[in-house]
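The values are calculated or read from the model by the stated rules, or taken from the named source; none is laboratory data. This one's a predicted model, so the numbers in the text were calculated from it and none came from an experiment. No Cβ is skipped: glycine too gets one built from the backbone with ideal geometry, and neighbour counts run over all protein chains shown.
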Amino acid sequence: MQLTIEKAETLKEKPEDTKLGFGTLFTDHMFNMDYNPDQGWHNPRIEPYQPMLMDPATAVLHYGQAVFEGLKAYRTDSGKIQLFRPKDNFSRMNRSCRLVCIPEFDEAFALEALKELLKLEERWVPSLFETSLYIRPTVIATDPFLGVRESFTYRYFVILSPVGVYYPGGFNPIKIWVTQNHVRAVSGGVGEAKTPANYAASLYAGSQAHKKGYTQVLWLDGIERKYLEEVGSMNIFFVIDDEIITPKLQGSILPGITRDSVIKLAKHWNLKLSERKISIDELISAHGSGKLKEIFGSGTAAVISPVGEIKYGEQSLTVGDGKVGPISMRLYTALTDIQYGKSEDPMGWVEPI
Ligand SMILES: *Cc1c(COP(=O)(O)O)cnc(C)c1O
């Protein structure tokens, strides 16, 4: 496939690195590619960033047939730009596609096209440590048709957004709320896909959590409402005694790339790490006996997010001393050092542009 490039006539003004928020601002160009049954994926092109004109009957608007990804481009101290495990994002995106009947795309081509887009948008990758250029590849169903079936046509696009830290508080412990009344996903559903339905399903409980002063919801499993699953946009880890525990992937949890990186680093450091079921009762009793040392979330947006407090029903658990724990700190430093090229890359995770 031949990639075409149409450059924007005027370029936007770029904010200072210190003023960056999250997801509010987009760069000058975007990548687009279309699918139809005759041509497959075709017409890959970089174009000026622009609104999309859509028929009001467009399938994605009614039935949510779509998938997306989230990764970042980082600038190193020497000015180079690099990605973190991007091949894993594209292979997960194709797995998400399969779960919602979207035709798969060529992962190697998608990575090449992303690199071309990043070369053109190079000036938008901020330099300050902890800032980055967030990358959002997305596929949407585009048939103008009302009726529940998979679409015949699709649009793949990539937009870029320069970002600062995800939580306004920065690298500080957050408070999370374990909801008993709502569930996000069940095994056999689409919880393991990065598809909009999961996020629509999470909004009501999320807004209740915000009203109560909690940053995010920690979901319990959809069947027994007993086992801890994940947070809205992060996977979750618990440190009980000397064991680091993360819930096992069983179809309802998003298989995070940061989660996998934490597992691999912990094993590399010879720490005891288990992927297993962990119930809210186990967590409460570990807290009661003083064995609950740390809780942290993992995800591309916030990297490692320490949790200082958990609320479940009437109970409120302070984790450790409510501050950032040593394992959270060590993982955050190790991951960001690799991402920003401050240390060696022993796992071969970095992909230069
Ligand atoms: C994206 C996401 C994660 C984190 O995945 P990473 O690959 O680590 O960014 C975790 N949970 C949900 C629900 C997500 O959407």
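Miscellaneous remarks
- Where strands (runs of 3 or more DSSP E) fall wholly inside segment 210-276, the ranges with 2 or more residues that are touching a residue at least 40 places away in the same chain (Cβ under 8 Å) and more than 14 Å from the ligand (Cβ to nearest atom) are 235-240.
- Residue in segment 178-186 that is outside any loop (DSSP other than H, G, I, E, B) and not assigned by TED's automatic domain parsing to the domain that holds LEU20 present: yes
- Pairing residues of segment 1-22 that are over 19 Å from ILE159 (Cβ atoms) with residues that are of a type in the set (Val, Ile, Thr), at Cβ distances under 6 Å and at least 6 apart in sequence or on separate chains, gives ASP17/THR131.
- Exactly one residue out of PHE152, PHE171 is under 22 Å from LEU61 (Cα atoms) and not charged (D, E, K, R): that is PHE152.
- Within segment 282-298, the presence of at least one residue that is surrounded by 14 or more Cβ atoms within 10 Å (Cβ to Cβ), within 12 Å of the ligand (Cβ to nearest atom) and not charged (D, E, K, R) is confirmed.
- Residue in segment 194-252 that is nearest to GLY299 (Cα to Cα), counting only those that are surrounded by 15 or more Cβ atoms within 10 Å (Cβ to Cβ) and among the aromatic types (Phe, Trp, Tyr): PHE237
- So TYR204, is it assigned to a helix (DSSP H, G or I), modelled with pLDDT of 95 or more and either among the hydroxyl-bearing types (Ser, Thr, Tyr) or within 15 Å of the ligand (Cβ to nearest atom) (or both): yes
- Looking across segment 87-132 at every residue that is basic (Lys, Arg) and away from the ligand (no atom under 16 Å from the Cβ), the one that is nearest to ASP77 (Cα to Cα) is identified as ARG123.
- Flag if GLU150 is in contact (Cβ under 8 Å) with a residue 24 or more places away in the chain, part of a loop (DSSP other than H, G, I, E, B), charged (D, E, K, R) and closer than 16 Å to VAL163 by Cβ: no
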